[in-house]
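One structure is given here, and the rest of the page talks about it.
The values are calculated or read from the model by the stated rules, or taken from the named source; none is laboratory data. Computed from a predicted structure; not experimentally measured. As a convention, Cβ positions derive from the backbone with ideal geometry for all residues, glycine included, and neighbour counts pool all protein chains shown.
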Amino acid sequence: MSHGKAARVRDTGWEGLRTTQPVSDPPQHDAHLASGSQGDLMASAKSTQVWEAAYRQYGHAWETTARSGKDNPTAAREMAAASWAVAAAWRQIATATTLPWWTLAAIESAAGAFEAQAREYERAKTSDGS
């Protein structure tokens, strides 16, 4: 491998997740990069936009819930939807980019936490008879 080129290695890593091999220099974003790297960058930009929109939705839902309480069925519905959106955004990032296994594990953990929160708010909403 020549100096300064990105090394993208598919490895089994943790539970078969994609990993990257570190290189001494940061990758150069030129035409000579490994196949698919430009696509990874585009997917990452799209994923970032989806994630940012989901977190804005989540911030609004959190404010509504903070004002009206978790027992408010409308607030619970908004918080559940926002939590599902954030979880989906995290999962999109995990599938749309090439990241080290430990980063993917953290992303999966974050997605799982938001999914659990969404289910909690859905249970709160349905326990009120909504």
Original post:
Do we have ARG91 as farther than 26 Å from SER44 by Cβ and not hydroxyl-bearing (Ser, Thr, Tyr) here?
Top reply: no
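Can ARG18 be described as modelled with pLDDT of 95 or more and not small (Gly, Ala, Ser)? Give the steps one after another, and end with the answer.
Details: modelled with pLDDT of 95 or more: no; not small (Gly, Ala, Ser): yes.
It is false that ARG18 is modelled with pLDDT of 95 or more and not small (Gly, Ala, Ser).
Could you check the range 46-90 and list, in sequence order, the residues that are outside any helix (DSSP H, G or I) and free of Cβ contacts under 8 Å to residues at least 24 places away in the same chain? Full working, then the answer.
Just the residues of the range 46-90 that are outside any helix (DSSP H, G or I), to begin with: 69-72.
Hits for the range 46-90 are GLY69, ASN72.
Each row is one residue, and each column tells you yes or no for (1) buried (at least 20 other Cβ atoms within 10 Å of the Cβ); (2) among the polar types (S, T, N, Q); (3) out of contact with any Phe, Trp or Tyr (no Cβ under 7 Å at 6 or more places or on another chain).
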position: THR48; (1), (2), (3): no, yes, yes
position: ARG56; (1), (2), (3): no, no, yes
position: GLU63; (1), (2), (3): no, no, yes
position: SER68; (1), (2), (3): no, yes, yes
position: THR74; (1), (2), (3): no, yes, yes
position: GLU78; (1), (2), (3): yes, no, yes
position: ALA82; (1), (2), (3): yes, no, no
position: ARG91; (1), (2), (3): no, no, yes
position: LEU104; (1), (2), (3): yes, no, yes
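Take the residues of the range 106-116 that are surrounded by fewer than 18 Cβ atoms within 10 Å (Cβ to Cβ) and hydrophobic (A, V, I, L, M, F, W, C): which is farthest from THR48 (Cα to Cα)? Lay out the reasoning, then the answer.
Taking the range 106-116 first, the residues surrounded by fewer than 18 Cβ atoms within 10 Å (Cβ to Cβ) are 106, 108-110, 112-113, 115-116.
Next, from what is left, pick out any that are hydrophobic (A, V, I, L, M, F, W, C): 106, 110, 113, 116.
Numbers: ALA106: 16, ALA110: 15, ALA113: 19, ALA116: 22 Å.
Top of the filtered list is ALA116.
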Original post:
Out of curiosity, is GLY129 among the small types (Gly, Ala, Ser), surrounded by fewer than 17 Cβ atoms within 10 Å (Cβ to Cβ) and at pLDDT 95 or above?
Top reply: no
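Conditions tested, residue by residue: (1) under 21 Å from ARG123 (Cβ atoms); (2) in contact with a helix residue (DSSP H, G or I) (Cβ under 9 Å, 6 or more places away or on another chain); (3) at pLDDT 85 or above; (4) among the aliphatic types (A, V, I, L, M).
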position	(1), (2), (3), (4)
LEU41	no, no, no, yes
GLN49	no, no, yes, no
THR65	yes, yes, yes, no
GLY69	yes, yes, no, no
ALA75	yes, yes, yes, yes
GLU78	yes, yes, yes, no
ILE107	no, yes, yes, yes
